[in-house]
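Colleague: Here you go, one structure.
Every number here is computed from the coordinates shown, using simple stated rules; none is lab data. Bear in mind that the values here come from a model prediction, so they are computed numbers and not experimental data. Note that we place each Cβ from the backbone using ideal geometry, even for glycine, and neighbour counts take in every protein chain shown.
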Amino acid sequence: MTPVSCPAADAPLVQGLIGSVDCQVHGLAQAGYAALSAPGSPVSTLLTVLMTLYVAFMGYRLVLGRGALRIGDATIAAVKLALVVALATNWALLETLVYDLLFKAPAEIGSLLLAQLDGGAAGKLDPYARLQFAFDALQEAAQHFATRAGARDAALQGGPGFAAFAANVGGLVMLLTSLGVVLACKVVLSVLLALAPIVAGLLLFETTRGLVEGWLKAMIALSILPMIATLALSLELAMMAPSLKALAAMKDAQQFAELDMGPAVTVLVLSLVFAVVLVAATIAVCVIVAGLRLPRERPAGEASAAPSITSGGSYAMPLEPPSRAAHLAAAAVSLARREEQSASAAAASSPAGPRRLVVVSDRSAAAPATGPTTAPAAAIPLGASYRRPASPRRTASGARRDQ
């Protein structure tokens, strides 16, 4: 592995910051990863314990019959164990697949975009070299405007003093919203990358899967933000190019008058606008990355959401609660049955003998008189189809008395 060379002390501001941060974050990620994954370290011991528990839980489920182990489940378990071992013990693989992709892709994409904006001049200038040139031009313009301003001229009262303020603040805001964001994301990304051995062990269990998702979301967001910042910087420099050329022409002609502060104000406005653009892009990236979900394992004993099929071939659907109309109909049928039973008991106990009681419903009464009419059968509740009708109790003494 080739070590990253740190820049010299006399390097320009932008290149010096980029080289110094790249050198330090690479060493931080590599040293932190090596310390956590070293044999005999607490993290390495914890990772071994977690892998042992994972295999033991699978065997426990098989022995007690709590779940069936299919071929697909065994394959997934083997892939998970291999992935955990690869992430926790192989820095070269992690550096090739993750570090180079997350750290070097933004500068490459920014260079390609700048080449397209320059008319296809590939490799002419990288975005950070352009940033250094624009920042130097703005600082020189601010210095020349400041020499034209009087000693009593305030920066917010207009004139050359305000032009110097606009050029200076515009350059600083552009530097912070582009290079500052890129460097901050690289530092945090290196710290998260160094924690890969710990996060790899959390991938085994379902209860800790959310921590792995959060780690991946943060890594993806921190890798996308520098790319967006680089692209925004390319567009900002392209839009700021006419103002920078005007400021350079004014410096060469030594014409920094009160009426020539338009390019400086344009630079300030563009830098503030792109600062708001970067904030909106950060919110958009967070919303997009929040949709990441790792695949979940479905327990073998989990009941399916589909309705179960009974032995008769029909689906056993859950019973719905009866409506108010059903309650009223059931109450009316029960009341009619009780009246019929009481009338039958009264007729059986009367001296004239039992008489047949005919109950005619409202629907039969409203029917036309022509033709034979039959009373519709009343609805019988479930379980009362073969219910024995009530009859008066007769004792032995009563039977002897009647004889």
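Colleague: What's the local net charge at VAL188, with K and R +1, D and E -1, over the other residues with C-beta under 15 Å away? Write out the running numbers ahead of the final one.
Modeller: Numbers: positive: LYS186, LYS217; negative: ASP22.
Value of the local net charge: +1.
Colleague: To continue, here is another question. Ordered by packing density, taken as the mean number of other Cβ atoms within 10 Å over each peptide's residues, highest first, how do 84-90, 280-286 rank?
Modeller: Working: 84-90: 17.9, 280-286: 14.0.
Descending mean neighbour count gives 84-90, 280-286.
Colleague: OK, next. Which residues among the range 17-38 fall inside the zone where the amide N is under 15 Å from a point 7 Å beyond the Cα of THR96, along Cα→Cβ?
Modeller: No residues fall inside that zone.
Colleague: Something else now. Compute the FRET efficiency between GLU140 and LYS104 as 1/(1 + (r/R0)^6), taking r as their Cβ-Cβ distance and R0 = 35 Å, and round to the nearest 0.05. Mind dumping the intermediate values first?
Modeller: On the way: r = 32 Å, r/R0 = 0.91.
Result of the calculation: an efficiency of 0.65.
Colleague: Using a 7 Å offset from the Cα along the Cα-to-Cβ direction at both THR75 and GLU206, what is the distance between the two label points in nm, to one decimal?
Modeller: 2.1
Colleague: Let me ask something else about it. Assuming R0 = 51 Å, what is the FRET efficiency of ALA248 and PHE57, from their Cβ-Cβ distance, to the nearest 0.05? Spell out each step's value before the answer.
Modeller: Values: r = 69 Å, r/R0 = 1.36.
With R0 = 51 Å, the Cβ-Cβ based efficiency is 0.15.
Colleague: Sticking with this one: I need the phi-derived Karplus couplings for the range 199-204: 6.51 cos²θ - 1.76 cosθ + 1.60, θ = phi - 60°, integer Hz, Gly and Pro marked x.
Modeller: 5, 4, x, 6, 6, 6
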